[in-house]
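The values are calculated or read from the model by the stated rules, or taken from the named source; none is laboratory data. In this text the structure is predicted, and so the values were computed from the model without any measurement. When we count neighbours, we look across all protein chains shown, and the Cβ atoms used for this are built from the backbone with ideal geometry, even at glycine. Heads up: the accessible areas ignore ligands, DNA and RNA and are worked out on the full protein's heavy atoms, side chains in. Shrake-Rupley method; radii C 1.70, N 1.55, O 1.52, S 1.80 Å.
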Amino acid sequence: MNSSIKVTIWRGAQIGSYQSYDVPQRDNQTVLDLVSWLQRHVVPDLAYRFSCRVGVCGSCAMTVNGRPRWTCRTHVSKVVKDGTLKIGPLANLPVIKDLAADMSPFFDQWHRAKGSFVPSAGRHDPMARVKPGSPRRQAADEAIECINCGVCYAACDSVRWNADYLGPAALNRAWTLINDERDGGNDARLKAVSGLGGCQACHSHQTCEQLCPKALNPAKSIAGLKRRALSAFLKGAL
Amino acid sequence: MTLRLYVWQRLSAVLMVPLIGVHLATIFYASGAQLSAAAILARTSGSVFWGGFYSLFVCAAAIHGAIGLRSVLADWSGLNPRRADQIMWLFGMTLLVLGLRGVAAVVVA
């Protein structure tokens with residue numbers, strides 16, 4: 001195929017501009033292929049992030065024609081519009097350089113939402129038995145496959161409007177732990193996700209669900225947290 | 001939005017669902033039967049039921065609307081939380097006073 005695509009790419013850090021390049025179009029070309037071609041042949045100082053190239057690591061997410069996407073699993077032919085493609089860093093995050101966003105605020109929210117497992121038993125206790133069909137395990141199963149790519153965080157209106165908001169991924173993680181019957185940190189976790197910028201700041205726009213490359217539904221997890229927090233509040237536990 | 005405000009807004013919404021149903025049914029009935037203002041006032045005047053019903057409705061609407069406005073302002077205007085709280089209280093109290101004044105006008109009259 002001899003045709004080319006006009007690609008507009010963000011160059012610079014927080015302050016910068018979009019610059020245009022012509023990139024040859026190939027069969028089955030992904031957006032990541034296209035960015036890599038540009039970096040190898042035209043702009044060697046182009047900064048971008050990737051690792052596995054097959055949708056496992058979650059490090060190559062960028063804004064492609066206005067939507068956050070994994071570039072490695074996005075075929076150019078599916079998203080190109082009138083022969084043009086606009087690629088920028090993930091939204092709602094500071095820009096380090098070009099297409100590489102600073103993920104620190106995203107992971108900081110994980111800590112604020114108490115997204116780490118808190119053991120409730122020691123090494124001498126018997127192994128916990130979690131029934132695969134139990135309601136809590138099923139609820140955790142639905143949300144557990146998140147790989148922290150940041151697509152939902154970049155897609156979320158509430159994150160854009162409210163700097164304190166924990167965001168869909170961190171709250172989704174908290175929901176999986178709240179449903180983990182081995183976890184011993186749920187009182188503090190429920191308090192953390194009901195405080196400033198907690199689950200109540202979600203307006204259920206569901207762009208997280210619409211754009212999650214893993215087809216997860218963080219909005220559903222957040223709705224679960226809201227129910228759990230409401231119940232705790234009415235019982236006087238929060 | 002704090003958890004406390006969230007709870008107040010959700011509970012006021014739950015309360016308003018049946019109230020809105022009765023309110024709409026009343027409007028349809030009054031307009032369908034082509035009741036005059038005097039005929040409506042004759043029914044509401046001195047009525048403990050309608051006085052209580054609409055006072056409750058006004059309270060729920062004032063709470064719900066004021067908290068909703070606070071959320072919109074906090075998200076869209078970048079107001080600091082304290083200022084957003086002040087506007088919430090001012091708006092809520094205004095709705096409450098205007099609403100209760102309206103209720104008094106048709107019940108006490």
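At-a-glance table
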| item | result |
| --- | --- |
| Unique match (being of a type in the set (Val, Ile, Thr) and loosely packed, with under 15 Cβ neighbours inside 10 Å) among A:42, A:64, A:31, A:35 | A:42 |
| Residues of the range A:157-168 that turn out to be more than 14 Å from every other protein chain (Cβ to nearest Cβ) and closer than 12 Å to residue A:93 by Cβ, as a count | 1 |
| Entirely in the range A:47-164, the strands (runs of 3 or more DSSP E) that have 3 or more residues that are hydrophobic (A, V, I, L, M, F, W, C) and modelled with pLDDT of 95 or more | A:61-64 |
| Members of the range A:79-93 that are farther than 18 Å from residue A:151 by Cα and of a type outside the set (Val, Ile, Thr) | A:81, A:82, A:83, A:85 |
| Test: residue in the range A:144-156 that is buried (at least 19 other Cβ atoms within 10 Å of the Cβ), within 14 Å of another protein chain (Cβ to nearest Cβ) and in contact with a His (Cβ under 7 Å, 6 or more places away or on another chain) | no |
| Residue tally, condition within 14 Å of another protein chain (Cβ to nearest Cβ), part of a loop (DSSP other than H, G, I, E, B) and of a type in the set (Gly, Ala, Ser), over the range A:215-238 | 2 |
| Answer from B:96, B:73 - the residue that is out of contact with any strand residue (DSSP E or B) (no Cβ under 6 Å at 6 or more places or on another chain), farther than 18 Å from residue A:164 by Cβ, surrounded by 15 or more Cβ atoms within 10 Å (Cβ to Cβ) and touching a residue at least 12 places away in the same chain (Cβ under 8 Å) | B:96 |
| Extreme residue, farthest from residue A:100 (Cα to Cα), among residues of the range A:13-34 that are assigned to a strand (DSSP E or B) and not hydroxyl-bearing (Ser, Thr, Tyr) | A:24 |
| Out of A:130, A:76, sole residue that is surrounded by 12 or more Cβ atoms within 10 Å (Cβ to Cβ) and not assigned by TED's automatic domain parsing to the domain that holds residue A:174 | A:76 |
| Hey, residue B:65 more than 14 Å from chain A (Cβ to nearest Cβ), part of a helix (DSSP H, G or I) and open to solvent by 30 Å² or more (accessible area, probe 1.4 Å) or not | no |
| From the options B:13, B:25, B:84, B:74, residue that is assigned to a helix (DSSP H, G or I) and away from chain A (no Cβ under 14 Å) | B:25 |
| The range A:39-52: number of residues that are out of contact with any strand residue (DSSP E or B) (no Cβ under 8 Å at 6 or more places or on another chain) and over 10 Å from residue A:98 (Cβ atoms) | 6 |
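For (1) farther than 25 Å from residue B:79 by Cβ; (2) over 11 Å from the mean Cα position of the chain (by Cα); (3) away from chain B (no Cβ under 13 Å); (4) of a type outside the set (Lys, Arg), each residue gets a yes or a no:
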| site | (1), (2), (3), (4) |
| --- | --- |
| A:172 | yes, no, yes, yes |
| A:180 | yes, yes, yes, yes |
| A:183 | yes, yes, yes, yes |
| A:186 | yes, yes, yes, yes |
| A:200 | no, yes, no, yes |
| A:203 | no, yes, no, yes |
| A:206 | yes, yes, yes, yes |
